[in-house]
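Chemist: Below is the structure I would like to discuss, written out as structure tokens.
The values are calculated or read from the model by the stated rules, or taken from the named source; none is laboratory data. Being a predicted model, the structure only gives us computed values, none of them experimental. Cβ placement follows ideal geometry from the backbone for every residue including glycine, while neighbour counts extend to all protein chains displayed.
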Amino acid sequence: MSDLITTQSHDLAIQQPMDQNPAAVYLAALQPTGRRSQRAALAVVANILTNGESSDPFAISWPAVRFQHVAVIRARLVDLYKPATVNRYLCAVRGVLKAAWRLGQISGEDYQRAADVQSVIGDTIPAGRELSPGELSALMAVCGDDPTAAGVRDGAIIALLYSSGLRREELARLELTDYDPETGRLKVTGKRSKERLVYLTNGALYAMADWIAIRGSEPGALFWAVNKGGNMTPGRMTPQAVYNLLVKRAGQAGVKEFSPHDMRRTFVSDLLDAGADIATVAKMAGHSSVNTTARYDRRPEQAKQKAASLLHVPYNRRAK
């Protein structure tokens with residue numbers, strides 16, 4: 001497939017402005033985090049299309065990509081990645097080809113044929129882990145022991161991540177005006193700018209009240225940066241800063257390493273364990289399908305463990 005490499009003699013990407021480059025147009029329509037992940041996905045695809053000679057998705061002649069090329073991409077990806085990852089990469093390819101069609105660079109028939117390559121069927125166990133109640137308590141305790149503004153802020157963030165299942169990007173985008181302290185209602189802007197409402201209660205409500213009491217009513221981001229001296233700086237936290245504070249607090253609390261998404265996984269799993277309706281939990285988490293929510297449901301695994309205990313293996317431990 002090396003004929004798809006853009007060259008000096010056949011150079012679609014370099015001769016075009018970026019607003020006419022299908023890969024650039026596709027990525028520009030995504031949220032920042034999605035843009036980074038799909039940019040990396042397209043780099044892998046570019047490497048496949050050029051037989052390892054280039055990983056630059058902007059240097060690919062995407063209008064020349066046809067069904068047979070996408071079929072080869074799919075086959076190569078299946079050898080390297082899990083089904084969910086393969087399907088995400090194929091989604092990126094379809095997105096770029098759709099952009100090429102919208103730009104008038106590929107016919108509708110060629111686009112439909114190339115995009116018709118089937119997704120990969122297969123279930124994978126979601127990566128990550130759930131946090132135990134003891135771990136959550138330990139995290140909140142170390143925040144409570146920190147007398148600075150960072151301790152109050154981090155306690156509110158951890159409470160919010162667990163009680164509302166926010167993605168770290170969603171948390172970083174929150175504005176003070178998104179939160180109603182009277183009702184505990186919080187407006188969250190999720191993927192593809194979809195908005196949803198979540199509600200803070202009990203400990204999360206109190207943690208947020210303590211944070212707002214020291215943050216003040218100045219308009220802007222809900223959560224501000226706090227420097228090493230404990231002084232607040234009006235300005236938005238980055239998603240990376242949210243990740244970093246969880247790493248810091250986990251180390252202080254002696255909690256095994258976890259990611260912000262593990263807080264979200266714990267939120268979904270604990271709600272389902274408590275008997276919440278899965279459709280309601282899906283809405284609270286911002287999932288477009290209950291099938292996504294069901295992947296984090298621990299109850300089937302607990303049922304498997306219980307069923308496995310019904311069997312007796314006649315094995316006697318050897319004397320040491």
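Chemist: Could you check segment 34-55 and list, in sequence order, the residues that are of a type outside the set (A, V, I, L, M) and touching a Ser or Thr at 6+ places or on another chain (Cβ under 9 Å)?
Modeler: ASN47, THR50, ASN51, GLU53, SER54 - these are the residues of segment 34-55 that are of a type outside the set (A, V, I, L, M) and touching a Ser or Thr at 6+ places or on another chain (Cβ under 9 Å).
Chemist: Restricting to helices (runs of 4 or more DSSP H) lying wholly in segment 211-319: which have 2 or more residues that are crowded, with 16+ Cβ neighbours inside 10 Å, in the same structural domain as VAL198 (by TED's automatic domain parsing) and not basic (Lys, Arg)?
Modeler: Where helices (runs of 4 or more DSSP H) fall fully within segment 211-319 and carry at least 2 residues being crowded, with 16+ Cβ neighbours inside 10 Å, in the same structural domain as VAL198 (by TED's automatic domain parsing) and not basic (Lys, Arg), they are 239-253, 260-273, 278-285, 290-294.
Chemist: Filter segment 148-187 down to the residues that are outside any helix (DSSP H, G or I) and touching a residue at least 60 places away in the same chain (Cβ under 8 Å), then identify the one that is farthest from THR293 (Cα to Cα).
Modeler: Only one residue fits best here, namely THR148.
Chemist: Just one of (1) modelled with pLDDT of 95 or more; (2) surrounded by 15 or more Cβ atoms within 10 Å (Cβ to Cβ) trips up SER137, so point out which.
Modeler: (2)
Chemist: Given the criteria under 15 Å from the mean Cα position of the chain (by Cα) and farther than 24 Å from ARG185 by Cβ, does TYR243 qualify?
Modeler: Spelling it out, TYR243 is indeed under 15 Å from the mean Cα position of the chain (by Cα) and farther than 24 Å from ARG185 by Cβ.
Chemist: I would also like to ask the following. In the list ARG173, ARG168, which residue meets the criterion of being in contact with a helix residue (DSSP H, G or I) (Cβ under 8 Å, 6 or more places away or on another chain), closer than 20 Å to PRO239 by Cα and either among the charged types (D, E, K, R) or at pLDDT 95 or above (or both)?
Modeler: ARG168
Chemist: Right, next: If a residue must be outside any helix (DSSP H, G or I) and in contact (Cβ under 8 Å) with a residue 40 or more places away in the chain, how many such residues does segment 30-51 contain?
Modeler: So the count comes out to 3.
Chemist: Then there is this: Within segment 177-211, can you find the residues that are in contact with a helix residue (DSSP H, G or I) (Cβ under 8 Å, 6 or more places away or on another chain) and of a type in the set (A, V, I, L, M, F, W, C)?
Modeler: Scanning segment 177-211 gives LEU186, VAL188, VAL198, LEU200, ALA204, ALA207, MET208, TRP211.
Chemist: Would you be able to tell me the number of residues in segment 247-266 that are out of contact with any helix residue (DSSP H, G or I) (no Cβ under 6 Å at 6 or more places or on another chain) and hydrophobic (A, V, I, L, M, F, W, C)?
Modeler: 3
Chemist: Assess whether GLN38 counts as being under 27 Å from the mean Cα position of the chain (by Cα) and of a type in the set (S, T, N, Q).
Modeler: Taking the combined requirement at face value, the residue satisfies it.
Chemist: Would you check which residues across segment 217-260 are under 18 Å from THR148 (Cβ atoms) and touching a Pro at 6+ places or on another chain (Cβ under 9 Å) and list them?
Modeler: Correct list: TRP224, ALA225, GLY230, VAL242, LEU246.
Chemist: Any residue in segment 78-95 that is outside any helix (DSSP H, G or I) sitting within a Cβ distance under 8 Å of a residue that is of a type in the set (S, T, N, Q)? List the pairs, counting only those 6 or more apart or interchain.
Modeler: Pairs found: LYS82/THR124.
Chemist: Using beta carbons and a limit of 6 Å, which pairs, at least six apart or on different chains, have the first residue in segment 254-269 and farther than 13 Å from ILE158 by Cβ and of a type outside the set (Asp, Glu) and the second one assigned to a loop (DSSP other than H, G, I, E, B) and modelled with pLDDT of 90 or more?
Modeler: So the pair list comes out as ARG265/GLU130; SER269/GLU130.
Chemist: Between residues in segment 226-242 that are at pLDDT below 85 and residues that are part of a loop (DSSP other than H, G, I, E, B), which pairs lie under 6 Å by C-beta distance while being six or more apart or on different chains?
Modeler: Hits for this filter: GLY230/THR148.
Chemist: Mind listing just one residue for me: the one in segment 183-197 that is of a type in the set (A, V, I, L, M, F, W, C) and either farther than 14 Å from ALA156 by Cβ or surrounded by fewer than 17 Cβ atoms within 10 Å (Cβ to Cβ) (or both) and, of those, nearest to the chain's Cα centre (by Cα)?
Modeler: VAL188
Chemist: When residues of segment 106-134 are filtered for being aliphatic (A, V, I, L, M) and surrounded by 15 or more Cβ atoms within 10 Å (Cβ to Cβ), how many remain?
Modeler: 6
Chemist: Give GLU135, GLU109 a once-over and let me know the one that is of a type in the set (Asp, Glu) and over 30 Å from GLY229 (Cβ atoms).
Modeler: Result: GLU109 is the single residue among GLU135, GLU109 that is of a type in the set (Asp, Glu) and over 30 Å from GLY229 (Cβ atoms).
Chemist: Something else now. Filter segment 100-118 down to the residues that are polar (S, T, N, Q), part of a loop (DSSP other than H, G, I, E, B) and under 14 Å from GLN68 (Cα atoms) and list them by number.
Modeler: Once the filter is applied, which keeps residues that are polar (S, T, N, Q), part of a loop (DSSP other than H, G, I, E, B) and under 14 Å from GLN68 (Cα atoms), segment 100-118 yields only GLN118.
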